[in-house]
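The structure appears below as C-alpha cells.
The values are calculated or read from the model by the stated rules, or taken from the named source; none is laboratory data. These numbers come from a predicted model, not from an experiment. Cβ coordinates were reconstructed from backbone atoms using ideal geometry, including for glycine residues, and neighbour counts include every protein chain displayed. These accessible areas exclude ligands, DNA and RNA; they are computed on the full protein's heavy atoms, side chains included. Shrake-Rupley method; radii C 1.70, N 1.55, O 1.52, S 1.80 Å.
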Amino acid sequence: EYAVLGDPVDQSRSPAIHNAAFAALGIDARYQARRVNGSSMALAAAEMRRGDLAGANITMPHKDLAFRLVDRVMGEAEVARSVNTWVKDGAALVGHSTDIPGIRQAWDRCMLGSGPVLILGSGGAAAAALVALAAHDLFVSARRPDAAHRLVEGLGYAAIPIPWGTGMEAVVVNCTPLGMRGESLPDPVLDVTRADRD
C-alpha cells in the first residue's frame, strides 16, 4: 500500500502513474490519493512505522510537517526543512526531497540560464526551490508577507522578499496552488512574462 498525502489531492496524477507502473512491472501493490490534515499525517507516519503503509509522497500543504514527523532526513531536504517522500529504513521513517533535484533538472533541461528567479509561495515547495536555485539572485513573494520573511530568514539564504503581485524580469517559479483550478497568477507577474515572450 502506497499513497500520496495532501490537501487538496484529488488533482494528483500520482495514483494513475504509479498504478500503471506497478501493473507493467507485475508488482502486487496499490497507490492511492489520501486527503489528509495534520492529525491524519501523524497517523500516516505511524502506519509507515508499523509497515501498514509501504511508502508515501507528500504534497501541499504538508511538506514541512512531513519533515518534522520523520526520524531521519536525507540530503538537502535537511537544509530545506521540506520532505515530499517517505520511505522505511529498518524501523526508521526517513524523509527525502525529490523536489530539489527535480527543479534543478527541469531548469537545466529548459536551459533557463543564470538570471534572477522569482519564487511564488512560502511553503515546502518554495523552500525546495530556494535550495535548488541558491546560486541565482532570488526573490520571494507570498500572499502572506510575514510567511515569505520567515521562509527566507529560516533558511538563511540571500533571497529578497517582495510584495505579492510585484512583476519583475525574472524566471517565475510558482510554488503556490494557483493554477490548479484555473486561477491566474497576478497580472503584473504575467505582464512581465508576456513582455519577455513578445
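For every other residue with a beta carbon closer than 14 angstrom to the beta carbon of F22, add +1 if it is Lys or Arg and -1 if Asp or Glu, then tell me the sum.
Result for the neighbourhood of F22: -1.
Keeping all protein chains in position, work out how much accessible area D71 exposes to a 1.4 Å probe, and write it in Å² to the nearest 10.
Answer for D71: close to 90 Å² accessible.
I'd like to compare 148-161, 117-130: which one has the highest average count of other Cβ atoms within 10 Å, and what's the full order after that?
In decreasing order of mean packing, 148-161, 117-130 become 117-130, 148-161.
With every protein chain in place, what's the accessible area of K88 (1.4 Å probe, Å², nearest 10)?
The value for K88 is about 70 Å².
Using 0.36 nm times the number of residues separating A91 and D7, minus their current alpha carbon distance, what extension gain do you get?
Computed gain between A91 and D7 is 27.5 nm.
Equivalent-ellipsoid semi-axes (√(5λ), Cα gyration tensor) for segment 1-98, whole Å, largest first?
20, 15, 13
Take I160 and R144, extend 7 Å from each Cα along the Cα→Cβ direction, and tell me the distance between the two endpoints in nm.
It is 2.5 nm.
Which part of segment 1-18 falls in the paramagnetic zone of I27, meaning amide N under 20 Å from the point 7 Å along Cα-to-beta-carbon?
1-6, 12-18, by backbone N distance to the label point.
Based on the Cβ-Cβ distance from R35 to D108, what FRET efficiency comes out when R0 is 30 Å, to the nearest 0.05?
0.35
Calculated from the structure, volume of the Cα convex hull per residue in Å³ equals which of [x] 154; [y] 132; [z] 109?
Correct label, based on the coordinates given: [y].
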